[in-house]
């Protein structure tokens, strides 16, 4: 295989392992070398034990293959419990904490033979408070986006082909957009959230990063995703793509990316159906904040009462409901969101996919995680979202677009994404 | 204090501790003695370490009081993670497993000064498969009900004043009915489910057992429950209680208990509003099974793929979707349940409380957990439920009734229950 093993996709590595061209240990060493060369600058990782990685790789080399993910390295966002590594949530409460149990998703990946390479940096409890140390590999002065900062950057900078993240607001899709990688937020609860730090039961969604749609699909296979209905998509020619024409306040970089993507899709034979989705999003105004803050009150009560001096003030505010959200507002938010889900599924079900913005623009300077305004309603709608890199903005930084559809259309969406990606993704400059 | 310390309620113990009449260590010793005397027969506990309990009690005696639960012993259902005890889920996969982390609820109780006494037996993963060894303290040939078998029995048999359980179908309320104890299932997600084994995200609800409404309220205080609206209930005289007149197929024991309770409530001055709730429950037929089985597919995937020979066949069936539930059926169930929640809240909001059945009759013979037909729709509706013991059936075994109301009316419901309980609870014979 090439001497730049760490730049291969998971699908390519899987093929190389199957044909005996490469070993898991060689893959692991290539990843570790890249991390050693780059992570002092990128700071994607909160924990890697190279010796343990090599031991794990050698064991996997001895075993019969457990499937396409056998031997493929994964980064794991440090809010997932891992039995053999610390899980620290970027919180002083959990410094050196070893939970002695794997999150369900990590267990499923281990059963598929994945190589769990290490833990990636995150915003404190994937929410707010302490920032990740991670920098955007495309420009170290810029944020990789949050909260799955380390997972997105580690894939973008060729440390690992795949990584797990989570999304409660925009924590998977926004970093994918900023870092120029592929990401999948599956339908809510299609993948277990057990063993991931709870932030908001209604919103928390496990998801993953990869460098191609095919790689995202390999992980969807491991989690045995299944659609509510057969998709029926075959080719972009004649496919109907709803272009979200809601008049968002965003930077030209994002607006232009969507306009250009629309033109390219039409040039490829797709039918672009421009539609303002205000009928969905206007009734949802403010609901995400009510749900995330109110459920955060439940989620952070224990830490607020046990560790008031170690928990960041932002979480204390949440546990103590400083925002003053009433339980009546929460019920209103639940019930309105439930209605909006049905409406969105109906509209999105009339087309092959919906294309919308992933972020308000290129990655901003500094370490802040960025705005989740374009992601949070889709999170509350529980629908699958795939970020597809769609060229560069004026600062030569990546801009992504989101392909979405009805709940439990994940497989169909991956199929559409596989056709859409070559049209949109202009191979982001490194 | 009395020489039967273990028979006191949590509120009484709390008063005794505050006034210096008793120490935490004395309470702990009384509980441990009762367990030593009785648990060979009742088999409520999967783990108790008496030395560790005494050490914990002595530490609590040294500390300034953290509030009304300071020093009060709790049993913890063995699907809650506990940092200082095994957590075994009644599964051979988890034999001797020590997760090194507390469930959020256990952490919150520790912050309130509670004495975590030990782990109580459960159905395998609180669902199906392996039965709890626990017997009904009122008749050892009968079931205590499941899945929170040990928690209900430990409170009923005066081992501990309070215990945590969970409900996904009927696992809190049904054992409370069979064992003649009080139980509270709060509004869904009002209390964190983090660190409790995931069975079904939409259904899993942490709850607790006690021997009085006042004791249930102490735990509600620790979890900082808050209502969506002020309750306004003052006295039973003139209060409107909706009597669920849906024609269920149940044993005379339960039917009679509800009829007698209605008469007694009317005699106490309440207005009994008899109403058939078929308009709520008929559209919900089958939904609970779809949600619990479909979400179980997500929840048990990791164990099914990691431990196919150790996971009970019932969970393998769930992970492999042997029931053949489609994701379309799941979405239909989600959306219908969301509508039913709004309808139920509206109907229940027109009265002070709703009174319905807790179980189809007295505890049946054997160790099976019993039928959850009367509980599961209320679980899917996410509404608070309180079991109130309401006399004995023809076999001199307890029969309970459920007081329920709209989502996030937990505090109000406790206030109503405090007035209803003395009318219904004829002090179950021991």
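Nothing in this text is a laboratory measurement; each read-out follows from the coordinates by a stated rule. If you're wondering where the values come from, they're calculated on a predicted model, not measured in any experiment. Every residue, glycine as well, gets a Cβ built from its backbone with ideal geometry; the counts of neighbours run over all protein chains shown.
Does region B:5-222 classify as rounded, prolate or oblate by the C-alpha gyration tensor (a ≥ b ≥ c root eigenvalues; a/c under 1.5 gives rounded; else a/b over b/c gives prolate, otherwise oblate)? Rounded.
When B:159, B:332, B:382, A:70 are arranged by Cβ crowding within 10 Å, least crowded first, meaning fewest neighbours, the order is B:332, A:70, B:382, B:159.
With contacts taken as Cα pairs under 8 Å at a separation of at least 6 residues, chain A carries a relative contact order of 18 percent. Peptide B:332-340 shows a mean partner chain C-beta count of 3 within 10 Å per residue C-beta.
Among B:377, B:276, B:78, B:157, which comes first, then next, by fewest other beta-carbon atoms within 10 Å?
By the 10 Å Cβ count, ascending: B:276, B:377, B:157, B:78.
One chain, two ends: residue B:18 and residue B:282. Fully extended at 0.36 nm per residue, the span grows by 90.0 nm beyond their Cα-Cα distance. Only helical runs count toward this figure. For the protein assembly as shown, summing -39,500 (n - 2.57) over DSSP H runs of n ≥ 4 and dividing by all residues gives -11500 deg cm²/dmol at 222 nm. How much FRET efficiency would the formula 1/(1 + (r/R0)^6) give for residue B:343 and residue A:246, where r is the Cβ-Cβ distance and R0 is 22 Å, rounded to 0.05? For residue B:343 and residue A:246, the calculated efficiency is 0.10. Computed packing ranks the peptides A:44-51, B:305-312 as A:44-51, B:305-312, most packed first, by mean other Cβ atoms within 10 Å. Working from Cα pairs under 8 Å separated by at least six residues, relative contact order for region B:5-222 is 22 percent. Rounded to the nearest 5, what % of DSSP beta bridges with both residues in the protein assembly as shown are antiparallel? Close to 65 percent.
Ranked by the mean number of other Cβ atoms within 10 Å per residue, highest first, peptides B:410-419, A:172-181 order as A:172-181, B:410-419.
Give me A:358, A:148, A:326, B:171 sorted ascending by neighbouring Cβ count inside 10 Å, so fewest comes first.
A:326, A:358, B:171, A:148
Taking the label point as lying 7 angstrom from Cα along the Cα-to-Cβ axis, what are the distances from residue A:139 to the corresponding position in the remaining copies, in ascending order and in nanometres? Inter-copy label distances (nm, one decimal, shortest first): 7.7.
DSSP beta bridges fully contained in chain A are about 65 percent antiparallel. Distance between the pseudo-spin-label points of residue A:332 and residue B:98 (7 Å out from Cα toward the beta carbon): 5.0 nm. Using a simple spin-label model with pseudo-atoms 7 Å out from Cα toward Cβ, residue A:4 and residue B:229 lie 6.4 nm apart. Kindly give the distances from residue A:238 to its copy-mates, label point to label point, with each label point 7 Å from Cα along Cα→Cβ, as nm values to one decimal ordered shortest first. Here the equivalent label points are 7.2 nm apart from this one.
Mean per-residue shielding of peptide A:295-302 is 6, counting Cβ atoms of other chains within 10 Å of each Cβ.
Pair-distance distribution P(r) for region A:89-164, from all Cα-Cα distances in 10 Å bins starting at 0: 18, 43, 34, 5 percent.
Applying Stokes-Einstein at 20 °C and 1.002 mPa s to the Kirkwood radius of the protein assembly as shown, computed over alpha-carbon pairs, gives a translational diffusion coefficient of 77 µm² s⁻¹. Mean per-residue shielding of peptide A:221-229 is 4, counting Cβ atoms of other chains within 10 Å of each Cβ.
Using 0.36 nm per residue, how much length does the chain from residue A:273 to residue A:350 gain when fully extended, once their Cα-Cα distance is taken away?
Here the answer is 26.7 nm.
Ascending distances from the residue A:51 label point to its copies in the other chains, with the point 7 Å along the Cα-to-beta-carbon line: 3.4 nm. With each label modelled as a point 7 angstrom along the Cα→C-beta vector, the residue B:322-residue B:140 pair spans 3.4 nm.
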